[in-house]
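Colleague: I'd like to ask some things about the structure below.
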2 protein chains.
Amino acid sequence: MGGDHAPHEIVAGAVHAVRERGLSVVLVGSPRVLYEALADHDATKEVPIVRAEEALAMDEGALASLRRPRSSIAVACHLVRRGDASAVVSAGSTAGLVATGRLRLKAQPGVLRPAIAVALPTHPRPTLLLDAGANAEAKPEMLVQFAQLGAAYAELAYEIDSPSVGLLTIGSEPEKGNKLVRRAHELLQAASGLRFAGNVEGHDLLTGKVDVITTDGFTGNVALKSVEGAVRYAFAELRAAVSESSLARLGAALQRSRIRELRHRLDAEAYGGAVLLGLNGTVVIAHGSSKAQGISAACRLAADLSGAGTVAAIGDRIVPAHRAPRLW
Amino acid sequence: MGGDHAPHEIVAGAVHAVRERGLSVVLVGSPRVLYEALADHDATKEVPIVRAEEALAMDEGALASLRRPRSSIAVACHLVRRGDASAVVSAGSTAGLVATGRLRLKAQPGVLRPAIAVALPTHPRPTLLLDAGANAEAKPEMLVQFAQLGAAYAELAYEIDSPSVGLLTIGSEPEKGNKLVRRAHELLQAASGLRFAGNVEGHDLLTGKVDVITTDGFTGNVALKSVEGAVRYAFAELRAAVSESSLARLGAALQRSRIRELRHRLDAEAYGGAVLLGLNGTVVIAHGSSKAQGISAACRLAADLSGAGTVAAIGDRIVPAHRAPRLW
């Protein structure tokens, strides 16, 4: 029920995941709405529906998850909790999803807060950014845990040995930044089992300089959306530039399909793969603007992660923050 | 003396500003170093040198400005203070420049903190982002002042009538974001003389949705550098994509010069024009990686702003924060 293009693109993505990827998908939401959307694909017999009376609107935040215990996302989490589903995929309100996930699935032992990990499309392997928006306020201890969650994810899901970790801030020297990152810098240097590579800046997000970038969810979300907007802007400017002269137009005609392909890849790679780490259950967050293909890819990712037991294995590696009992 | 390509590119930019733009430029720093660099351009008689014993290193921060009262940037500020120069241009350590500017030029009456304003290359007119990095920690009242500084700058320097102001955060609803932006949202709604358009997100930086975007210097700097890195990334990916096939190569050959031109424009427009607002004096911050052309453009901007009395006029419009006497 969630996402800018719900229900049709979401349902189309689910049907694609079932037919083309061989996955088992359950749709959770209004049976009438979902049945009709499935009927458009002649798929009413292929994709089961689980009833949920309500749905969180895109603009509903964390509190709505308490007010609506029967929202589609709450019911989906409940299916995972009961073992009737292996993972949740949603393109709905991120704040609602995070809050509902924390409430229904609970954090893994020792985890202060779940964090959203996004795989940025760097070469030759992705850089994982977290937290990309689950926690608008963070404590220094959380940034250490986000680094641990990200490093474990990089090892288990991307087979990166001993991943390097960078701290997102506004200068390369340890004393640069705000209070939060200066303290986090000290804690990261002292943390055992982490290969801390020091501070990184906004322009390092896409250079592949480090394997994991840790930051608070406010900064991470602003940075991620800035990147998203800038890539879109660069391609729009490019299109404008290449139509300015007929010589350039000729060149553009030759390249058009290739450029479209590239833009598509950037979009899909960067935003199809956000995972909420630190919960007792696999939760994949599809971009709010996802169309069928993005949803289908998110279902694939969710199935791969839950099939490999990745999220559970990440939880086993978390070192509880020493200060946790006192502070939280 | 400051910048990744000092002294040669800085001096070359100064010479260009003098010869091609008809400006009067004074170089401040080590006479020996600067004289030699000027000699490379046969310009020792065209560009006067003012001696400064020391220079802040790129990695030196705010404290260095106290330790080094005879740094080149301190001497340059002193020239402005005494009326011997109209403006300061520097590509050196931003933290050092901001701290030295505050110490030597002082904030304008009622200004809590100076802020860095960057003109983003949106169409048809720029969006001003501030604070782009002067204050890593900010209070909600400062975000209101940054909005006022930005709105005044938009009106006076870009002739934008009644500029709209957006607050950078991670969701469009007033209650989204962290404590700082939620409180700033309330204050901005209540502020008289500001056309507050509500929250904006990272992907709105380059869409021209609002004329001024206010944020703390930490978030603003991360967002700006994320944009910078993403634009660079998009063009690098594009170059890689268009050389993959010979058909595409042909198209690329036709377009190459146009793409280079576009990339250059994005770089120059976005980062040649950072201004430190809120001080008793015009201070233009050139990008650390500036080459001669960027320095020359920064000199042009500095001359235009000081010639028009823009920075002083902005100060006259600042409404002192009501809470200032109590909190600061």
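Colleague: In region A:61-73, what count of residues is obtained for those that are without any contact (Cβ under 8 Å) to a residue 40 or more places away in the chain, in a helix (DSSP H, G or I) and surrounded by 24 or more Cβ atoms within 10 Å (Cβ to Cβ)?
Modeller: Total meeting the criteria: 1.
Colleague: OK, next. I'd like to know if region B:128-143 contains one or more residues that are more than 15 Å from the chain's Cα centre (by Cα), surrounded by fewer than 16 Cβ atoms within 10 Å (Cβ to Cβ) and either of a type outside the set (V, I, T) or within 21 Å of B:N221 (Cα to Cα) (or both).
Modeller: yes
Colleague: Considering only region B:179-203, state which residues are farther than 16 Å from B:K139 by Cα, within 8 Å of chain A (Cβ to nearest Cβ) and over 19 Å from the mean Cα position of the chain (by Cα).
Modeller: Result: B:E201, B:H203.
Colleague: Test of understanding: among B:I318, B:I314, B:I285, which residue is surrounded by 15 or more Cβ atoms within 10 Å (Cβ to Cβ), closer than 23 Å to B:V144 by Cβ, modelled with pLDDT under 90 and more than 11 Å from chain A (Cβ to nearest Cβ)? So that I can check it myself, show each step before the final result.
Modeller: Working: B:I314 fails: modelled with pLDDT under 90; B:I285 fails: modelled with pLDDT under 90.
Going through B:I318, B:I314, B:I285 in turn, just one is surrounded by 15 or more Cβ atoms within 10 Å (Cβ to Cβ), closer than 23 Å to B:V144 by Cβ, modelled with pLDDT under 90 and more than 11 Å from chain A (Cβ to nearest Cβ): B:I318.
Colleague: Identify, by number, the condition in (1) surrounded by fewer than 21 Cβ atoms within 10 Å (Cβ to Cβ); (2) modelled with pLDDT of 95 or more that B:V28 doesn't meet.
Modeller: For B:V28, the failing item is (1).
Colleague: With respect to the numbered conditions (1) closer than 30 Å to B:E20 by Cα; (2) within 14 Å of chain A (Cβ to nearest Cβ), which one is the sole condition not fulfilled by B:D131?
Modeller: (1)
Colleague: Can you pull out every residue in region A:75-109 that is free of Cβ contacts under 8 Å to residues at least 24 places away in the same chain and part of a helix (DSSP H, G or I)?
Modeller: The answer is A:R82, and nothing else.
Colleague: Ok, one more. Read through the list (1) within 19 Å of the chain's Cα centre (by Cα); (2) farther than 12 Å from A:V283 by Cα; (3) polar (S, T, N, Q), then give the number of the only condition that A:S24 fails.
Modeller: All conditions are met except number (1).
Colleague: With B:A184, B:A197 as the choices, which residue is surrounded by 24 or more Cβ atoms within 10 Å (Cβ to Cβ), over 24 Å from A:H203 (Cβ atoms) and touching a residue at least 12 places away in the same chain (Cβ under 8 Å)?
Modeller: B:A184
Colleague: Follow-up. Hey, can you tell me all the residues within region B:2-12 that are farther than 16 Å from B:K45 by Cα, assigned to a helix (DSSP H, G or I) and not β-branched (V, I, T)?
Modeller: Hits for region B:2-12 are B:H8, B:E9.
Colleague: For region A:216-242, give me each residue that is more than 7 Å from every other protein chain (Cβ to nearest Cβ) and acidic (D, E).
Modeller: A:D216
Colleague: Would you pick out the residues in region A:203-217 that are out of contact with any Asp or Glu (no Cβ under 7 Å at 6 or more places or on another chain), surrounded by 23 or more Cβ atoms within 10 Å (Cβ to Cβ) and not aliphatic (A, V, I, L, M)?
Modeller: Passing the criteria: A:D211, A:T214.
Colleague: Of all the residues that make up region B:92-112, how many are more than 14 Å from chain A (Cβ to nearest Cβ) and either in contact with a Gly (Cβ under 7 Å, 6 or more places away or on another chain) or not hydrophobic (A, V, I, L, M, F, W, C) (or both)?
Modeller: 11
Colleague: Please give the number of the condition B:H78 fails out of (1) under 30 Å from B:L188 (Cβ atoms); (2) surrounded by fewer than 21 Cβ atoms within 10 Å (Cβ to Cβ); (3) modelled with pLDDT of 95 or more.
Modeller: Every condition holds for B:H78 apart from (1).
Colleague: Check B:Q148 against each of (1) touching an Asp or Glu at 6+ places or on another chain (Cβ under 8 Å); (2) among the polar types (S, T, N, Q); (3) buried (at least 21 other Cβ atoms within 10 Å of the Cβ); (4) in the same structural domain as B:L206 (by TED's automatic domain parsing) and name the one condition it does not meet.
Modeller: B:Q148 satisfies every listed condition except (1).
A quick yes/no check of all residues on (1) among the aliphatic types (A, V, I, L, M); (2) farther than 25 Å from B:H5 by Cβ:
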residue: B:L79; (1), (2): yes, no
residue: B:V89; (1), (2): yes, no
residue: B:V98; (1), (2): yes, no
residue: B:P121; (1), (2): no, no
residue: B:A147; (1), (2): yes, yes
residue: B:I160; (1), (2): yes, yes
residue: B:E175; (1), (2): no, yes
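Colleague: Among the numbered criteria (1) away from chain B (no Cβ under 14 Å); (2) under 25 Å from the mean Cα position of the chain (by Cα), which single criterion is violated by A:R51?
Modeller: Exception for A:R51: condition (2).
Colleague: If you check B:R125 against the conditions, is it surrounded by fewer than 22 Cβ atoms within 10 Å (Cβ to Cβ) and in the same structural domain as B:S71 (by TED's automatic domain parsing)?
Modeller: Considered against the rule, which asks whether it is surrounded by fewer than 22 Cβ atoms within 10 Å (Cβ to Cβ) and in the same structural domain as B:S71 (by TED's automatic domain parsing), B:R125 comes out as no.
Colleague: On to the next question. For the subset of region B:1-48 comprising residues that are free of Cβ contacts under 8 Å to residues at least 12 places away in the same chain and not basic (K, R), which member is nearest to B:A303 (Cα to Cα)?
Modeller: B:S24
Colleague: Across region A:112-122, which residue is surrounded by the most Cβ atoms within 10 Å (Cβ to Cβ) among those that are touching a strand residue (DSSP E or B) at 6+ places or on another chain (Cβ under 8 Å) and farther than 20 Å from A:E228 by Cα?
Modeller: Ranking the candidates gives A:P114 first.
Colleague: Okay, next question. From (1) within 9 Å of another protein chain (Cβ to nearest Cβ); (2) of a type in the set (S, T, Y); (3) on the phi > 0 side of the Ramachandran plot, pick out the condition that doesn't hold for B:S172.
Modeller: With (1) within 9 Å of another protein chain (Cβ to nearest Cβ); (2) of a type in the set (S, T, Y); (3) on the phi > 0 side of the Ramachandran plot applied to B:S172, the lone miss is (3).
Colleague: Scan region A:149-164 and tell me whether some residue there is within 14 Å of chain B (Cβ to nearest Cβ) and without any contact (Cβ under 8 Å) to a residue 60 or more places away in the chain.
Modeller: no
Colleague: Residues to consider are B:L224, B:L247, B:L238; find the one that is assigned to a helix (DSSP H, G or I), surrounded by fewer than 24 Cβ atoms within 10 Å (Cβ to Cβ) and modelled with pLDDT of 65 or more.
Modeller: B:L238
Colleague: Could you list all residues from region A:82-97 that are modelled with pLDDT of 95 or more and of a type in the set (V, I, T)?
Modeller: Of everything in region A:82-97, those that are modelled with pLDDT of 95 or more and of a type in the set (V, I, T) turn out to be A:V88, A:V89.
Colleague: Now for a separate question. Filtering region A:83-97 down to residues that are hydroxyl-bearing (S, T, Y) and closer than 17 Å to A:E9 by Cβ, which residue is nearest to the chain's Cα centre (by Cα)? Before you say what the answer is, go through the steps one by one.
Modeller: In the first step, residues of region A:83-97 are kept if they are hydroxyl-bearing (S, T, Y); the result is A:86, A:90, A:93-94.
Applying the additional criterion that residues be closer than 17 Å to A:E9 by Cβ yields A:90, A:93.
On the way: A:S90: 10, A:S93: 12 Å.
Applying the filter and picking the extreme gives A:S90.
The values are calculated or read from the model by the stated rules, or taken from the named source; none is laboratory data. Quantities reported herein were computed from a predicted structural model and do not represent experimental measurements. No Cβ is skipped: glycine too gets one built from the backbone with ideal geometry, and neighbour counts run over all protein chains shown.
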